[in-house]
Amino acid sequence: MTASSLNASKSQNRKLQNVNKSHKICSRLLSVPSLVLYAEQKNLDDFRAREEQKEAEFNKQPIENENEKENEEKTEDDEEVMEIKNKILEASLAFVTANGWTRQAIVKGAEQAGYPGTVHGMFPSGGIELINFYYLKCNKDLVVQMREKVGEKSEKVGDPKEFVCWALKERLLMLDPYIKTWPQALAMMSLPPNVPTSLANMLTLVDDICYYSGDRSIDFNWYARRIGLATIYKATELYMLQDSSPQYESTWKFLQRRIADASLVHDVLIQSEGATQHLTQAVTSAFTTARNILGLNFERR
Amino acid sequence: MIRRAFFTSFLNRQITRTIFSSKIINNNVEETENLTHFGFETVKASEKADKVHKVFENVAESYDLMNDAMSAGIHRVWKDVFLERFYPTQGTKLLDVAGGTGDIAFRYINYIKKLVKANPDNNVQSSVTIYDINQHMLNVGMKRAERLGFQSNEALDVDWVCGDAEKLPFDDNQFTAYTIAFGIRNVTNIDNVLREAYRVLQPGGRFMCLEFSHIEDSNLLQWQAFHHKNIYDQYSFQVIPPMGQILASQWEPYQYLVESIRRFPKQQDFKKMIRAAGFRAVDYENLTFGVCAIHSGYKV
């Protein structure tokens with residue numbers, strides 16, 4: 001049991017004691033001993049019923065929204081615009097090799113898709129929007145591939161290590177067509193204003209891989225696996241950029257070594273769980289705070 | 001001494017008039033079909049165009065000087081930011097409405113010139129049509145263009161057309177961009193102008209508007225220095241018209257200017273109007289705490 005939940009249960013107990021106390025005072029005032037027990041019990045029951053009713057009413061209440069109509073309009077607008085944006089970005093990918101992840105590529109893509117160049121103003125941050133589009137597209141493709149391999153439930157994968165290795169390889173291979181311009185993309189993704197989105201995209205990627213590799217952990221391992229996997233992915237990505245071996249052979253060897261290392265570390269951590277408990281708590285809270293700051297603390301599944 | 005006393009009394013009279021006329025707005029005159037506003041005055045719709053025409057006929061020569069004086073040169077920054085957001089590309093066909101003296105068009109031409117220099121192999125023709133209701137303003141612009149060398153060349157067409165923004169003499173889907181800077185405030189019917197803009201733009205074409213707007217809550221300009229009026233209003237009503245009188249010997253046009261800014265729809269409302277005209281992905285950005293706003297939308 002963690003310290004926070006202990007604290008919570010303690011405070012609950014305290015609250016109950018307080019309630020009991022107040023009932024006792026009431027019963028003393030009544031000063032009819034035979035009624036005391038009955039009254040106390042009845043009060044508590046009433047109280048519970050009242051609270052339950054309140055809660056039910058609260059849940060029933062529709063969430064009021066002042067700008068409901070405007071929001072509706074906006075989502076409608078968004079869908080229409082998103083469709084066009086995706087069409088333009090899709091067409092722009094063809095110009096990335098020649099023009100890089102830039103506004104020029106988007107302008108050419110727009111012209112290819114049958115829109116005038118001025119429409120590029122729909123992408124105020126320019127190249128980074130193209131990068132994010134491609135990143136998310138690859139993430140989606142990978143999810144489809146993983147689902148095909150392990151099925152929707154993905155409760156049992158033969159060997160998680162092998163599966164993770166395969167998934168990372170597939171994902172990295174998607175960078176192959178743009179490998180010449182990918183250093184530019186990495187640089188743009190690590191610019192301060194773009195970091196939150198890039199980090200969120202990468203966390204989504206490793207989260208998907210962990211999920212389909214059968215990870216259902218709800219303890220600290222959840223974080224450890226994802227951070228570990230993200231580190232491996234980033235390291236291998238960087239290795240891949242300077243790899244000149246045919247078919248990226250050295251990259252895949254590098255990847256296998258990193259995964260072997262990680263599982264070794266993992267084993268050590270599990271064996272020395274007691275000693276690391278305090279450390280893990282500290283890291284957990286730090287990570288949660290970081291996720292809150294980045295606004296990633298939403299329920300994904 | 002006597003002259004100064006005379007001048008002060010003259011100013012006082014004008015200021016009293018300003019305060020008086022600013023009270024009219026509180027009466028909230030109902031706008032009926034054929035009534036519209038000219039500053040804080042309510043006039044017949046048919047008369048507004050003439051009145052506006054007269055205002056700009058009178059100020060055409062001193063227009064640029066007054067812009068610099070009134071905004072302390074910041075209007076140049078606004079226009080630069082406007083072009084920065086627009087970010088023209090080669091092949092853009094721009095219609096610059098209310099662009100008489102060429103402030104937007106010349107900046108656009110500079111952009112295109114630089115692009116042509118950077119890619120000399122790209123033989124796409126770009127164009128700009130400067131459109132204004134007032135021939136006097138166009139004349140000033142043409143003179144400036146001649147002096148500064150902003151004329152047609154093999155990569156760029158420059159046209160000067162005089163006409164009404166509510167009835168554009170152009171075919172449908174002819175332009176890829178429509179800009180209107182400090183102009184839409186002066187038209188009789190904003191909706192008609194937006195509808196016409198939508199008509200002449202190609203699908204994917206961009207509508208952009210730079211206009212004085214309403215200052216945001218809680219910023220420096222909202223500071224109520226004296227008389228329970230914020231310094232922005234103080235400056236607008238007490239400084240700009242006298243400045244017009246001194247520098248351009250014209251009080252009325254600058255009185256009209258500050259009044260018409262107050263009558264212009266708020267950022268959110270104008271955004272809704274643009275959307276209602278059919279534009280999508282409509283958005284706006286405030287400049288200098290909302291003294292100006294850039295609205296942008298796309299025909300899809």
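Before moving on, here are some points about what is shown:
- For the segment B:201-208, counting C-beta atoms of other chains within 10 Å of every residue's C-beta and taking the mean gives 5.
- 15 Å cut-off, amide nitrogen to a point 7 angstrom out along residue A:250 Cα→Cβ, residues in region A:204-237: A:236-237
- Stretchable slack from residue A:290 to residue A:266, in nm (0.36 nm times residue separation minus alpha-carbon distance): 6.4 nm
- Summed residue charge, Cβ within 14 Å of residue A:120's Cβ, Lys/Arg positive, Asp/Glu negative: +3
- As a calculated quantity, the FRET efficiency between residue A:241 and residue A:98 at R0 = 22 Å, using C-beta atoms, amounts to about 0.70.
- Between residue B:286 and residue A:227, the FRET efficiency estimated from the beta carbon spacing at R0 = 51 angstrom works out to 0.80.
- Accessible-area composition of region A:127-294, carbon plus sulfur, in percent [1.4 Å probe]: 61 percent
- When the alpha carbon gyration tensor of region A:85-188 is reduced to an equivalent ellipsoid, its three semi-axes come out at 32, 15, 10 angstrom, largest first.
- The residues A:108, A:180, sorted by heavy-atom accessible surface at 1.4 Å with ligands and nucleic acids left out, run A:180, A:108 from largest to smallest.
- On association of chains A and B, roughly 1500 Å² of accessible area becomes buried (total for both chains; probe 1.4 Å).
- Taking amide H positions as modeled 1.01 Å from N, with prolines and chain starts lacking one, the residues under 5 Å from residue B:92 and 5 or more places away or on another chain are B:127.
- Separation between Cα centres of region B:217-253 and region B:170-205, rounded to whole Å: 31 Å
- FRET efficiency for residue A:140 and residue B:44, using Cβ-Cβ distance with R0 set to 60 Å, rounded to 0.05: 0.50
- The calculated P(r) of region B:35-299, using every Cα pair and 10 Å bins from 0, goes 7, 29, 38, 20, 5, 1, 0 in percent.
- Here the sum of -39500 (n - 2.57) over DSSP H runs of 4 or more residues, divided by the residues of chain B, equals -14000 deg cm²/dmol at 222 nm, to the nearest 500.
- Where only C-alpha atoms are counted, convex hull volume of region B:146-271 per residue in Å³: 180 Å³
- Separation of the residue A:277 and residue B:262 label points, Cα + 7 Å toward Cβ, nm: 7.1 nm
The values are calculated or read from the model by the stated rules, or taken from the named source; none is laboratory data. Remember, predicted model here, so these are calculated numbers, not experimental data. Please note: Cβ atoms are built from the backbone with ideal geometry, for glycine as well, and neighbour counts cover all protein chains shown. Note: areas computed on protein heavy atoms with side chains; ligands, DNA, RNA excluded. Shrake-Rupley method; radii C 1.70, N 1.55, O 1.52, S 1.80 Å.
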